[in-house]
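> Can you keep this structure in mind? I'll have questions shortly.
The values are calculated or read from the model by the stated rules, or taken from the named source; none is laboratory data. Please read all numbers here as calculations on a predicted model, not as lab measurements. Glycine gets a Cβ as well: all are built from the backbone with ideal geometry, and neighbour counts include every protein chain shown. Ligands, DNA and RNA are stripped out before the accessible areas are found, and what is left, the full protein with its side chains, is counted by its heavy atoms. Shrake-Rupley method; radii C 1.70, N 1.55, O 1.52, S 1.80 Å.
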Amino acid sequence: QVQLVESGGGLVQPGGSRRLSCAASGFNVTDYDIGWFRQAPGKEREGISCISSTRSSPFYVDSVKGRFTTSRDSTKNIVYLQMNSLKPEDTAAYSCAASGRVFSSSYPYTDDTLYDYWGQGTQVTVSS
């Protein structure tokens, strides 16, 4: 059965770093697009990044570009989200998701309805 399990959340100071892991089972992460989403209280779920085997570089929204990096370890079947220079505005529940869709302008990776499988989420709190 397809399963995604996130880990690595916690409390971090502004300017600090955190690495999230998304461990997959039941499928190979190289065969799917793996997206990262976050949701803060009172806000809609926001797609922030996606790594795709059909593209040479991952996608990032402007708010995290240059600070966050997503990568794959094919041997471990794990996708990572390295978060640097964290800000209080980054505080949210972070989730990974898998999609068989090839994303385009018509099917943007930030659309959470295009993903088939989701992890349970992990909380990241950025505060002094």
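> Hey, could you check the stretch 28-52 for residues that are of a type in the set (S, T, N, Q) and under 18 Å from TYR80 (Cβ atoms) and say which is surrounded by the fewest Cβ atoms within 10 Å (Cβ to Cβ)? Give the derivation first.
Of all residues in the stretch 28-52, those of a type in the set (S, T, N, Q) come to 28, 30, 39, 49, 52.
Still in the running and under 18 Å from TYR80 (Cβ atoms): 28, 30, 49, 52.
Details: ASN28: 11, THR30: 14, SER49: 24, SER52: 19.
Checking each candidate, the answer is ASN28.
> Is it fair to say LEU11 is part of a strand (DSSP E or B), among the aliphatic types (A, V, I, L, M), over 16 Å from the mean Cα position of the chain (by Cα) and under 20 Å from ARG67 (Cα atoms)?
When the stated conditions are applied, LEU11 passes them.
> Residue by residue through the stretch 88-128, note down the ones that are in contact with a helix residue (DSSP H, G or I) (Cβ under 7 Å, 6 or more places away or on another chain) and free of Cβ contacts under 8 Å to residues at least 60 places away in the same chain.
TYR107
> Then there is this: If SER25 meets every condition in (1) in contact with a strand residue (DSSP E or B) (Cβ under 8 Å, 6 or more places away or on another chain); (2) of a type outside the set (A, V, I, L, M, F, W, C); (3) within 27 Å of SER104 (Cβ to Cβ); (4) surrounded by fewer than 13 Cβ atoms within 10 Å (Cβ to Cβ) apart from one, which number is that one?
(3)
> Restricting attention to the stretch 53-70, report how many residues are open to solvent by 50 Å² or more (accessible area, probe 1.4 Å), more than 13 Å from PHE37 (Cα to Cα) and not acidic (Asp, Glu).
Number of matching residues: 8.
> Where the second residue is open to solvent by less than 40 Å² (accessible area, probe 1.4 Å) and part of a loop (DSSP other than H, G, I, E, B) and the first is over 12 Å from ASP112 (Cα atoms) and among the hydroxyl-bearing types (Ser, Thr, Tyr) and lies in the stretch 16-40, which pairs have Cβ atoms under 6 Å and are six or more apart or on separate chains?
Close Cβ pairs satisfying both conditions: SER21/GLY8.
> Which residues, taken from the stretch 78-128, are open to solvent by less than 30 Å² (accessible area, probe 1.4 Å), part of a loop (DSSP other than H, G, I, E, B) and on the phi < 0 side of the Ramachandran plot?
LEU86, PHE103, TYR109, TYR115, GLY119
> Of the conditions (1) at pLDDT 95 or above; (2) under 15 Å from the mean Cα position of the chain (by Cα); (3) more than 18 Å from CYS22 (Cα to Cα), SER57 fails just one. Which one is it?
(1)
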